[in-house]
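Since every read-out is calculated from the coordinates, none of them should be taken as a lab result. What you are looking at is a predicted structure, and each value in this text was computed from that prediction instead of being measured. For neighbour counting, all protein chains shown are included, and Cβ atoms are generated from backbone atoms with ideal geometry for every residue, glycine included.
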Amino acid sequence: LVEDSLQTKRLQITFEGINESISGDNSQNLTGLYSLIRTSMETEQRRTYQTVKFLINLSNRNSSCKEYFASTAIQWEFAISWLKQQMQTSWQWSPAQNVSNEDTDTRSFQRTRSAQYTLEQAQSLLQQTTT
């Protein structure tokens, strides 16, 4: 990430998107990652998981992202609840099967060790922001 005076604005646009009317019929719409998660939860669970994982990994690597997450926790708490529900209701993971949410062609979520680890990181991050 570029660290400058516009960093927070870029994070806001990336995570929350932008929906501005410039003048008359001109408008500027950009879907943010939070919105992508909300709209893909039912139909593209794997994409939802990948987006959640990306956001969690990014926040763990960059203090500015972590601070931004802390300030917008209420906007992504739903994603953590969704992931927790998926881990509880998806089929049970078997060590004999080599499945991944990263390289499969399906749209459905697969319960994996990586997903469990992502959930643990997400819950820890959420707990840090609410305490």
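A few remarks follow.
- Theoretical FRET efficiency, 1/(1+(r/R0)^6), r = Cβ-Cβ of residue 30 and residue 113, R0 25 Å, to 0.05: 0.15
- Between residue 70 and residue 124, the contour length at 0.36 nm per residue exceeds the alpha carbon distance by 18.3 nm.
- Partner lysines whose Cα lies under 29 Å from the Cα of residue 84, excluding those fewer than 8 positions away in the same chain, are identified as 53, 66.
- Estimated FRET transfer efficiency (residue 60, residue 6; beta-carbon r; R0 22 Å; 0.05): 0.45
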